[in-house]
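The block underneath contains the structure these notes are about, expressed in structure tokens.
The values are calculated or read from the model by the stated rules, or taken from the named source; none is laboratory data. Keep in mind that what you see is a predicted model, and the values were worked out from it rather than measured. Cβ placement follows ideal geometry from the backbone for every residue including glycine, while neighbour counts extend to all protein chains displayed. Just so you know, the surface numbers come from the protein's heavy atoms only, side chains and all, with ligands and any DNA or RNA stripped out. Shrake-Rupley method; radii C 1.70, N 1.55, O 1.52, S 1.80 Å.
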Amino acid sequence: MLKRFTRLYSSLPQSITTTITTRTIMTSSKKLDPTALHNPYFFQKPGQKDIWSLINETAAQAQEELGKPIVNLGQGFFSYNPPDFAVDAVGEALTKPQFNQYAHARGNPNLIKELTKHYSKAFGRDVDASEIQVTTGANEGIFSIFFGFLTPGDEVIVFEPFFDQYISNIEMTGAKVKYVEIKYPKKFDNETVTGDDWEIDWEGLENAITDKTKIIVINTPHNPIGKIYTEQELIRIGKLAIEHNIILVSDEVYENLYFTKTFPRPAALKALPELADRTFTVGSAGKSFAATGWRVGFIHGPANLIKFVTAAHTRICFSTPAPLQQAVSQGFIEADKRNYFEKTRQDYIHKYKIFTEVFDELGLPYTIAQGGYFLLVNLSKVKVPEDYVFPEAISARGTLDFKLAYWLIKEIGVVGIPPTEFLIPSNRVGNGLEKTLRFAVCKDDSILEDAVNRLRKLKDHI
């Protein structure tokens, strides 16, 4: 049989045998290389690393070389536990059969009840349970909003610098991101500024709006700047949203960490109450209770719009972990009794006081955080030796802030995040943010004090 096939194959024209051979190789190749079947959106070049892997691996290597711990102020995870009342609530929830099964897709009724109280108080008006959706972290909540409203070809306006997850969440729906700049204040090169000095490119915003624009995303308090949008800014954005029939997504995961006298919110503007009819407000139990690993978030929005978020959430993950939802509901009750959120705000005012002291001493400008738990520091006065050797993974990034971050880890022992990662690639080189690093202060006071002592060594490099 094999001999007959061999004689037949050898008698065929060369063009046919070449085709058969090529197809056989291709078929074989596909079988041997299932990686070729991956979604092209998630393609990574060989050796390519995301910013978090790159920085954390550098920190781990430096720690091994130094033989002592590195002070990691990079990612925004807490160094301490949630309050005891929240941890105890998890243990209690785990003992109840109903909280160890699927939760309702809308969310635990107890948590929804507490969230209606929370937002009623925050907005100064009655909020109904039909306006609440519990999600598996704020990020999944934002994705559910996008998934519930966006289709291929739609457009979403995002202000840069931006939280990097927004971009993939939008693009995975087939929609397109339009970027509008929050302008780097020139005086930040030489002096400490506030969030008010970071101004929206209003002309850029108006020009970015087209008949395809469905959503505008804001983040207040802002990561990484620490800016809180003023009431005037929110009204101006809101009027554009109303005029062009656009939904506003307000990412307010740091809502309980504001250090200004008031915290303006687009869903509660007395001067523009109709904006609430098209606003989604995003909240986070992880940020509120120092429990980012619990992955409990929530969305407030008009009932006629929230139903589409619910539909998307149901298809993405169906429901959010039940015992943790119950614990968060108890957490809100106890937080009100103990004035927890106000005490936490005061704690963070103290943390910023500890950490900014060293930059005041060294004359290094920073953006005074109006909210959140990040500090953006200008290090343009710091002189890294010209002959300092950087690995290819750092040099290939092409921006100064990655080199600053690497050098600071290796030579000072403190981790910060290069903020050009929160810009589009074409806007990174030469941007003012290239001279800055972002530090997270959601750490124990002792860790911040350790960082301050290490950072004092920068005096020898200024």
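Summary table
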| item | result |
| --- | --- |
| Answer residue from region 77-95, given it is open to solvent by 70 Å² or more (accessible area, probe 1.4 Å) and not polar (S, T, N, Q) and is nearest to F374 (Cα to Cα) among those | F77 |
| All positions within region 397-419 that are within 14 Å of S53 (Cβ to Cβ) and touching a Phe, Trp or Tyr at 6+ places or on another chain (Cβ under 9 Å) | F402, Y406, V415, I417, P418 |
| Total residues in region 185-202, condition open to solvent by 30 Å² or more (accessible area, probe 1.4 Å) and farther than 20 Å from T356 by Cβ | 4 |
| Region 242-278, subset over 16 Å from F298 (Cβ atoms) and among the basic types (K, R), residue least open to solvent (accessible area, probe 1.4 Å) | R278 |
| Residues satisfying the stated conditions in region 362-383, i.e. farther than 17 Å from R454 by Cβ and not hydroxyl-bearing (S, T, Y) | G363, P365, I368, A369, Q370, G371, G372, F374, L376, N378, K381, K383 |
| Long-range neighbours under 6 Å by Cβ, at least six apart or interchain, first residue at positive phi within region 72-95, second of a type in the set (S, T, N, Q) | none |
| Complete set of residues in region 138-149 that are over 11 Å from the mean Cα position of the chain (by Cα) and open to solvent by less than 10 Å² (accessible area, probe 1.4 Å) | G141, S144, I145, F146 |
| Per-region count, region 156-180, residues open to solvent by 60 Å² or more (accessible area, probe 1.4 Å) and either part of a helix (DSSP H, G or I) or touching a strand residue (DSSP E or B) at 6+ places or on another chain (Cβ under 9 Å) (or both) | 5 |
| Residue in region 169-176 that is touching a Ser or Thr at 6+ places or on another chain (Cβ under 9 Å) and at positive phi present | yes |
| Selection from region 269-290 of residues that are touching a Gly at 6+ places or on another chain (Cβ under 8 Å) and of a type in the set (A, V, I, L, M, F, W, C) | L269, L272, L275, F280, V282, A285, F289 |
| Pair list, Cβ < 6 Å and 6+ apart or interchain, from region 412-438 residues that are closer than 28 Å to N453 by Cβ and in contact (Cβ under 8 Å) with a residue 60 or more places away in the chain to residues that are among the hydroxyl-bearing types (S, T, Y) and not in a loop (DSSP other than H, G, I, E, B) | P419/T436; L433/T420 |
| Residues within region 433-462 that are open to solvent by 10 Å² or more (accessible area, probe 1.4 Å) and in a helix (DSSP H, G or I), tallied | 14 |
| Which numbered condition G153 misses (of (1) more than 22 Å from D201 (Cβ to Cβ); (2) surrounded by 16 or more Cβ atoms within 10 Å (Cβ to Cβ); (3) of a type outside the set (D, E); (4) in contact with a strand residue (DSSP E or B) (Cβ under 8 Å, 6 or more places away or on another chain)) | (2) |
| Scope region 369-411; condition more than 22 Å from T356 (Cα to Cα) and in contact (Cβ under 8 Å) with a residue 60 or more places away in the chain; matching residues | A393, I394 |
| Sole exception among (1) in contact with an Asp or Glu (Cβ under 6 Å, 6 or more places away or on another chain); (2) of a type outside the set (S, T, Y); (3) in contact (Cβ under 8 Å) with a residue 24 or more places away in the chain; (4) crowded, with 16+ Cβ neighbours inside 10 Å for I209, by number | (1) |
| Residue within region 197-213 that is under 24 Å from the mean Cα position of the chain (by Cα) and among the basic types (K, R) present | no |
| Among residues of region 131-155, those that are in a helix (DSSP H, G or I) and closer than 28 Å to N427 by Cα, counted | 8 |
| Test: residue in region 107-122 that is more than 19 Å from W294 (Cβ to Cβ) and small (G, A, S) | yes |
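Here is a yes/no grid of residues against (1) touching a Ser or Thr at 6+ places or on another chain (Cβ under 6 Å); (2) within 30 Å of F259 (Cβ to Cβ):
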{"residue": "K186", "(1), (2)": "no, yes"}
{"residue": "V193", "(1), (2)": "yes, yes"}
{"residue": "W198", "(1), (2)": "no, yes"}
{"residue": "W202", "(1), (2)": "no, yes"}
{"residue": "T210", "(1), (2)": "no, no"}
